[in-house]
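Asker: Can you read through this structure? Questions will come right after.
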Amino acid sequence: MGTLLFIILLLLFIMNVPIAVALGLSASIVLLIQDQIPLLVIIQKMFNATDSFPLMAVPFFILAGKLMETGGISRRLIAFANTIVGRVPGGLSIVAIITAMFFAAISGSAAATTAAVGSLLIPVMVKKGYDINYATAVPAAGGTVGVMIPPSVPLVLYGVAASTSISDLFLAGIGPGVFVTFSLVIVAFIISYKRGYGGGEKSSVWEFFHTLKDAILALLMPVIILGGIYGGIFTPTEAAVVAVVYGLIVGLFVYREIKWKDLSDIFSSSVTTTAVIMFIIANASIFGFLLTREQIPREISNMMLSVTQSEIVTLLIINGLLLIIGTFLETAAAIIILTPILVPIVQGMGIDLVHFGIIMTVNLAIGMITPPVGINLFVGSNIAGIKMEPLVQAIIPFILIMIVDVLIISFFPGLSLFLLD
């Protein structure tokens, strides 16, 4: 039955059936064939999967990101980052990556980060003489940090699926997120230096403090959220609500760039995004139920452990699997499907589940800038109005450095866990 399940799923993928529908439909067909379980169980499993207190953080973090995206945060962060690194070779491309890191700590979404930074900086970079494909590749690559640095929706989903502390995952994501950011900065600097992309004028101390003052409320948001979580003031789910209230107050009454009429679009967009994620989770729960019932995770775990007892070899195999799957499977779906399969394997090898959650998230983030389902590529190409093929060529150096990054993160757990010690 396990083989039949994956054959049906593969056929549905080939037929371009949406991922969420393919997951639920393949499991339902197998259950119908078995004729041993009432179909009412499908509805119950779907409901129970989404009836989770930690998952309440997902819609609120999405809404907080939308509020910050609309409220003029990205423009202020770009101005601040420009005073720090704007004068070095390729300054604007480095500004895009640094801003993406700042914005990631607010939005928790790769696509939102790419859209917010790209829509402002791509036209400016092209005007300054940057190649349009490179100018688009930079914010697309920088946007991947959105799922690493807390708050991160994929980390919330992994925490729920693996029964792991979301607070610990958030803390563990900071080091790798900063590490990946600065590796992307190095690549951007090298490419810009070789191509002769110049920097801007040196900013004065007054300009630095002026832009810092303008961006301070945006920069304080992650401090308030993470400080509240680790100070024991509120849980990650409650932190998501605090983020929404903070974003609403700053956008409406302080920066005043969100108008009351904008709220309906912000709320409806957030609801749509949340509904898609929850529908994936609900359908993936049926798929996961069938996997567990057929003991497929245990069989895969036993097979891999029988092949090798080496933690290094196991991590290399898993990383390769995640890199391939990330190219054609949406991040939320990949986490919900693969976590129950891979967790028993890494537990058997004695690998920390928090560390593995970071490995998995960074790996799948690479899929956001690789075709055919690289969401950041689609966002960037739509903003710049360019074709996908030249954009893919321009982003290859960033993909390669991120593959190196994920290997370093995999084999040096201290990079993820040092804040937990």
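Asker: Looking at the structure I just gave you, is Ala162 over 10 Å from the mean Cα position of the chain (by Cα), in contact (Cβ under 8 Å) with a residue 12 or more places away in the chain, more than 15 Å from Leu391 (Cβ to Cβ) and open to solvent by less than 20 Å² (accessible area, probe 1.4 Å)?
Answerer: Numbers: over 10 Å from the mean Cα position of the chain (by Cα): yes; in contact (Cβ under 8 Å) with a residue 12 or more places away in the chain: yes; more than 15 Å from Leu391 (Cβ to Cβ): yes; open to solvent by less than 20 Å² (accessible area, probe 1.4 Å): yes.
Yes.
Asker: Ser28 versus (1) open to solvent by 20 Å² or more (accessible area, probe 1.4 Å); (2) closer than 30 Å to Ile191 by Cα; (3) in contact (Cβ under 8 Å) with a residue 60 or more places away in the chain: which is the lone unmet condition?
Answerer: The number of the failed condition is (2).
Asker: Continuing with the same structure: Mind checking which residues of region 387-421 are more than 13 Å from Ile358 (Cβ to Cβ) and among the polar types (S, T, N, Q)?
Answerer: Gln393
Asker: Can you go through Ser52, Ser74 and tell me which one is in contact with a helix residue (DSSP H, G or I) (Cβ under 9 Å, 6 or more places away or on another chain) and open to solvent by 20 Å² or more (accessible area, probe 1.4 Å)? Don't jump to the end; show me each part of the working.
Answerer: Numbers: Ser74 fails: open to solvent by 20 Å² or more (accessible area, probe 1.4 Å).
Answer to the selection: Ser52.
Asker: Consider region 118-130. How many of its residues are touching a Leu at 6+ places or on another chain (Cβ under 8 Å) and either under 14 Å from Met68 (Cβ atoms) or touching a residue at least 40 places away in the same chain (Cβ under 8 Å) (or both)? Write out each step before concluding.
Answerer: Of all residues in region 118-130, those touching a Leu at 6+ places or on another chain (Cβ under 8 Å) come to 121, 124-125, 128, 130.
From the residues that got through so far, the ones that are either under 14 Å from Met68 (Cβ atoms) or touching a residue at least 40 places away in the same chain (Cβ under 8 Å) (or both) too are 121, 128, 130.
Residues meeting the conditions: 3.
Asker: Can you report the number of residues in region 262-311 which are modelled with pLDDT of 85 or more and more than 24 Å from the chain's Cα centre (by Cα)?
Answerer: Number of matching residues: 3.
Asker: Can you report the number of residues in region 121-159 which are assigned to a helix (DSSP H, G or I), open to solvent by 10 Å² or more (accessible area, probe 1.4 Å) and under 21 Å from Leu63 (Cα atoms)?
Answerer: Residues meeting the conditions: 2.
Asker: Looking at the structure I just gave you, is Val373 touching a residue at least 60 places away in the same chain (Cβ under 8 Å), open to solvent by 10 Å² or more (accessible area, probe 1.4 Å) and either not in a helix (DSSP H, G or I) or not small (Gly, Ala, Ser) (or both)? Show your work before the answer.
Answerer: Details: touching a residue at least 60 places away in the same chain (Cβ under 8 Å): no; open to solvent by 10 Å² or more (accessible area, probe 1.4 Å): yes; either not in a helix (DSSP H, G or I) or not small (Gly, Ala, Ser) (or both): yes.
So Val373 does not fit the description; no.
Asker: Does region 165-185 hold any residues that are crowded, with 20+ Cβ neighbours inside 10 Å and under 16 Å from Ser93 (Cα atoms), and which are they?
Answerer: Answer for region 165-185, where residues must be crowded, with 20+ Cβ neighbours inside 10 Å and under 16 Å from Ser93 (Cα atoms): Val180, Thr181, Leu184, Val185.
Asker: Another one. So for region 204-219 (the condition being assigned to a helix (DSSP H, G or I), closer than 30 Å to Leu338 by Cα and hydroxyl-bearing (Ser, Thr, Tyr)), does at least one residue qualify? Lay out the reasoning, then the answer.
Answerer: Kept after step one, since they are assigned to a helix (DSSP H, G or I), are these residues of region 204-219: 205-219.
Add one more test, that the residue is closer than 30 Å to Leu338 by Cα, and what stays is none.
Among the residues of region 204-219, not one is assigned to a helix (DSSP H, G or I), closer than 30 Å to Leu338 by Cα and hydroxyl-bearing (Ser, Thr, Tyr), which makes the answer no.
Asker: Can I ask one more? Could you please let me know if Ala275 is out of contact with any Asp or Glu (no Cβ under 8 Å at 6 or more places or on another chain) and open to solvent by less than 30 Å² (accessible area, probe 1.4 Å)? Give the steps one after another, and end with the answer.
Answerer: Working: out of contact with any Asp or Glu (no Cβ under 8 Å at 6 or more places or on another chain): yes; open to solvent by less than 30 Å² (accessible area, probe 1.4 Å): no.
Spelling it out, it is not the case that Ala275 is out of contact with any Asp or Glu (no Cβ under 8 Å at 6 or more places or on another chain) and open to solvent by less than 30 Å² (accessible area, probe 1.4 Å).
Asker: Cβ-Cβ under 6 Å, sequence separation 6+ or interchain: first residue in region 170-191 and at pLDDT 95 or above, partner charged (D, E, K, R). Which pairs?
Answerer: Val180/Asp405; Ser183/Asp405
Asker: Just one of Leu329, Leu252 is surrounded by 14 or more Cβ atoms within 10 Å (Cβ to Cβ) and not in a helix (DSSP H, G or I); which is it?
Answerer: Every option except Leu329 fails the conditions.
Asker: Condition first: surrounded by 18 or more Cβ atoms within 10 Å (Cβ to Cβ) and in contact with a helix residue (DSSP H, G or I) (Cβ under 6 Å, 6 or more places away or on another chain). Now tell me which residues in region 378-394 satisfy that.
Answerer: Once the filter is applied, which keeps residues that are surrounded by 18 or more Cβ atoms within 10 Å (Cβ to Cβ) and in contact with a helix residue (DSSP H, G or I) (Cβ under 6 Å, 6 or more places away or on another chain), region 378-394 yields Val379, Gly380, Ser381, Ile383, Ala384, Leu391, Ala394.
Asker: Exactly one of (1) of a type in the set (A, V, I, L, M, F, W, C); (2) in contact (Cβ under 8 Å) with a residue 40 or more places away in the chain; (3) in a helix (DSSP H, G or I); (4) open to solvent by 30 Å² or more (accessible area, probe 1.4 Å) is unmet by Ile335. Its number?
Answerer: (4)
Asker: Also: How many residues does region 133-158 contain that are under 14 Å from Val185 (Cβ atoms) and of a type in the set (Phe, Trp, Tyr)?
Answerer: Number of matching residues: 0.
Asker: Tell me, yes or no, whether region 84-96 has at least one residue that is touching a residue at least 40 places away in the same chain (Cβ under 8 Å), within 27 Å of Leu157 (Cβ to Cβ), of a type in the set (Ser, Thr, Tyr) and assigned to a helix (DSSP H, G or I).
Answerer: no
Asker: Residue pairs, Cβ under 6 Å, 6 or more apart or interchain, first in region 341-366 and touching a residue at least 60 places away in the same chain (Cβ under 8 Å) and more than 26 Å from Ala140 (Cβ to Cβ), second open to solvent by 10 Å² or more (accessible area, probe 1.4 Å) and of a type in the set (Gly, Ala, Ser). List them.
Answerer: Cβ pairs passing all conditions: Val343/Ala162; Leu353/Ala162.
Asker: Evaluate the following for Phe80: is it open to solvent by 20 Å² or more (accessible area, probe 1.4 Å) and assigned to a helix (DSSP H, G or I)?
Answerer: No, not satisfied.
Asker: For region 395-421, how many residues are open to solvent by 40 Å² or more (accessible area, probe 1.4 Å) and in a helix (DSSP H, G or I)?
Answerer: Matching residues across region 395-421 total 11.
The values are calculated or read from the model by the stated rules, or taken from the named source; none is laboratory data. Remember, it's a predicted structure, so these values are computed and weren't measured experimentally. Here Cβ is always computed from backbone atoms with ideal geometry, including for glycine, and neighbour counts include all displayed protein chains. The accessibility values were calculated without ligands, DNA or RNA, using every heavy atom of the protein model including side chains. Shrake-Rupley method; radii C 1.70, N 1.55, O 1.52, S 1.80 Å.
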